[in-house]
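Report on the following structure.
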Amino acid sequence: MNSRTVTCGLLLLVVYTLLPGTSRAQDSQDNASVAAQLDATKPILAKIKKDAANMESYTRNNGLSWQTHATTLEKTRADVNELQQNMRGLQSHRSVASPWQQDAIDRITALANDLATNMNAAIAQLSKSKSRPTAPPYPEYLKANARIANDLSDAINDTIDYGQSKAKMDSLAKQFS
């Protein structure tokens, strides 16, 4: 069992202990479409993480041409655009999501927007300095893309884990009520 699952389980236990039963009943109406939408982002984000890690490694290789950078950035931009489309779908489910799911949607969407903004900044910077693709601040954009992609992946995985743990706790609570 990984530490994230244990942490989510412990957090749920504390929340269920401290909150009155009426609050639990209201929150138990999690929207399954939110979880499905989050699951759909995982393969897209896996591609983005891989490409972002590759791009970050490019900062340590001065021999790569700007065309190599541009090709990988364009591929990653296409994946980030697909992720943004998925985020719009996730936002469309926000009004029917449970309160904790709404908070998760807000956090995840903000990270996805940061990734898209930073990706566009990296592309703009590369366009300005094609002859020197490793000149600052371009490498910092690439490092930030890798970090944001990892943070976004963690946030999505944590949200999915939390939802699954919460569903188990809700099921157990119903059995013992």
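The values are calculated or read from the model by the stated rules, or taken from the named source; none is laboratory data. All of these numbers come straight from a predicted model, not from anything done at the bench. Cβ: placed from backbone, ideal geometry, glycine included. Neighbour counts: every protein chain shown.
Residue 128 satisfies every condition listed in (1) under 19 Å from residue 77 (Cα atoms); (2) modelled with pLDDT of 95 or more except (2). Selection of the range 54-86 for residues being at pLDDT 95 or above and either small (Gly, Ala, Ser) or not in a helix (DSSP H, G or I) (or both) yields only 78.
Each row is one residue, and each column tells you yes or no for (1) more than 23 Å from the chain's Cα centre (by Cα); (2) under 26 Å from residue 53 (Cβ atoms); (3) assigned to a loop (DSSP other than H, G, I, E, B); (4) without any contact (Cβ under 8 Å) to a residue 60 or more places away in the chain.
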| residue | (1), (2), (3), (4) |
| --- | --- |
| 139 | no, yes, no, no |
| 159 | no, yes, no, no |
| 166 | no, no, no, no |
| 170 | yes, no, no, no |
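Mind listing just one residue for me: the one in the range 49-95 that is aliphatic (A, V, I, L, M), within 18 Å of the chain's Cα centre (by Cα) and surrounded by fewer than 18 Cβ atoms within 10 Å (Cβ to Cβ) and, of those, nearest to residue 151 (Cα to Cα)? Don't jump to the end; show me each part of the working.
As a first pass, look at the range 49-95 and keep what is aliphatic (A, V, I, L, M): 52-53, 55, 64, 70, 73, 78, 80, 83, 87, 90.
From the residues that got through so far, the ones that are within 18 Å of the chain's Cα centre (by Cα) too are 52-53, 78, 80, 83, 87, 90.
With surrounded by fewer than 18 Cβ atoms within 10 Å (Cβ to Cβ) added as a condition, the list becomes 53, 78.
On the way: 53: 13, 78: 19 Å.
Per the stated criteria, the residue is 53.
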